[in-house]
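These notes concern the structure reproduced below.
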């Protein structure tokens, strides 16, 4: 349509030039006027675009009217999307202000870009003063600094803060959601920590309170067992009561040991422990144990000394070897191997017992978890041995691997980190 208008205008200019016999002058004047009008409309359009928020759009026809209509459509679409974005931002702000989880958006250098109301309350952040500050300067805790340094955000870190009226336990986790973009999630874990502390205190107190009466009962049963005639009808019940008391004592001692591990410091000390001598003594004890018993094999491939707590390392190895012997038939075998490499020191306890189904493996280290309760009643297991092993290994910053195949046997491998191993070469 615009080309048609220009063609009509040009034809009229030619006709007028022919009538006046001034073709060149007429065309120059006509084209100059056309350009001047276009320039005026262009300047008017530019002025309106700069002041469109308070001025009405000019009323154009022709090509400039088409251009103006296109601009108005783009402008209205932009306004619609802008309102939609503003609405979504407000909804997001309202949503994040009511959820109890703290959210902090971080930039490329972990500087704070935005945080919600919960994060402000939990971390004591202020918008005007703390926006742009690095998160590690606002959350000054050694555990959090270590968490950031390792740059492994698959797990959480727990810190303790002092609020206005109470101490809080906060669980923090970082998440990467874009190039040089990170998200810090903060959860108030105070109630859970308190409940866990109450549970630990209850278990510890109850275990200590049960120890004394069980000792008394055990003493009386021993006395009754000695005085009961072999043909008496009370002999079998007294012996059964004695076995049950021993089971209860084992459970109580296990609970006390677990409580001690949980309430002691986060990391075991760095005292030298001669694991080779400890394993050699355990082999002698196994050889001296009454038959029937599985064959015991010990392979020492390292003279390395482990830096840790001797009683806890003894508990780790003793529980693993005891479990292997307990659940392996007399005609079976138990293999113990101790070695070290560039990753640290390792101790493997393998048996030819009945094995464990795969779906049980993730829960084996839970306290009182039993694969087969009837089997534990026969062997006298308390369901606490592997839980104690797990806690003790964690305190040594180590790891416990479990491999098992039903009908073939099981293998438990304890890994101690390199910094806890002292070898003759070092």
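The values are calculated or read from the model by the stated rules, or taken from the named source; none is laboratory data. Bear in mind the structure is a predicted one, so any value in this text is a computation, not a measurement. Cβ placement follows ideal geometry from the backbone for every residue including glycine, while neighbour counts extend to all protein chains displayed.
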Subject >> Sole exception among (1) in contact (Cβ under 8 Å) with a residue 12 or more places away in the chain; (2) in the same structural domain as residue 342 (by TED's automatic domain parsing); (3) part of a helix (DSSP H, G or I) for residue 328, by number >> reply: (3)
Subject >> Some residue of segment 295-303 being surrounded by fewer than 19 Cβ atoms within 10 Å (Cβ to Cβ), modelled with pLDDT under 90 and in contact with a helix residue (DSSP H, G or I) (Cβ under 7 Å, 6 or more places away or on another chain) >> reply: yes
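Of these, 148, 172, 214, which one is surrounded by 15 or more Cβ atoms within 10 Å (Cβ to Cβ), in contact with a helix residue (DSSP H, G or I) (Cβ under 7 Å, 6 or more places away or on another chain) and more than 17 Å from residue 119 (Cβ to Cβ)? If you could, list the steps in order and put the result at the bottom.
Details: 148 fails: more than 17 Å from residue 119 (Cβ to Cβ); 172 fails: more than 17 Å from residue 119 (Cβ to Cβ).
None of the others qualify; the one that does is 214.
One line per residue, one yes/no per condition, for (1) without any contact (Cβ under 8 Å) to a residue 24 or more places away in the chain; (2) under 30 Å from residue 117 (Cα atoms); (3) in contact with a helix residue (DSSP H, G or I) (Cβ under 8 Å, 6 or more places away or on another chain); (4) loosely packed, with under 11 Cβ neighbours inside 10 Å:
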site	(1), (2), (3), (4)
46	yes, no, no, yes
66	no, no, yes, no
74	yes, no, no, yes
80	yes, yes, no, yes
83	yes, yes, no, yes
93	yes, yes, no, no
Original post:
Quick one: in segment 361-398, which of the residues that are modelled with pLDDT of 80 or more and surrounded by fewer than 16 Cβ atoms within 10 Å (Cβ to Cβ) is nearest to residue 331 (Cα to Cα)?
Top reply: 361
Subject >> Among the residues listed as 133, 129, the single one being farther than 16 Å from residue 101 by Cα and modelled with pLDDT of 85 or more >> reply: 133
Original post:
Does any residue of segment 272-280 turn out to be touching a residue at least 40 places away in the same chain (Cβ under 8 Å) and in a strand (DSSP E or B)?
Top reply: yes
Original post:
Looking at segment 186-208, which of the residues that are in contact with a helix residue (DSSP H, G or I) (Cβ under 9 Å, 6 or more places away or on another chain) and outside any helix (DSSP H, G or I) is surrounded by the most Cβ atoms within 10 Å (Cβ to Cβ)?
Top reply: 186
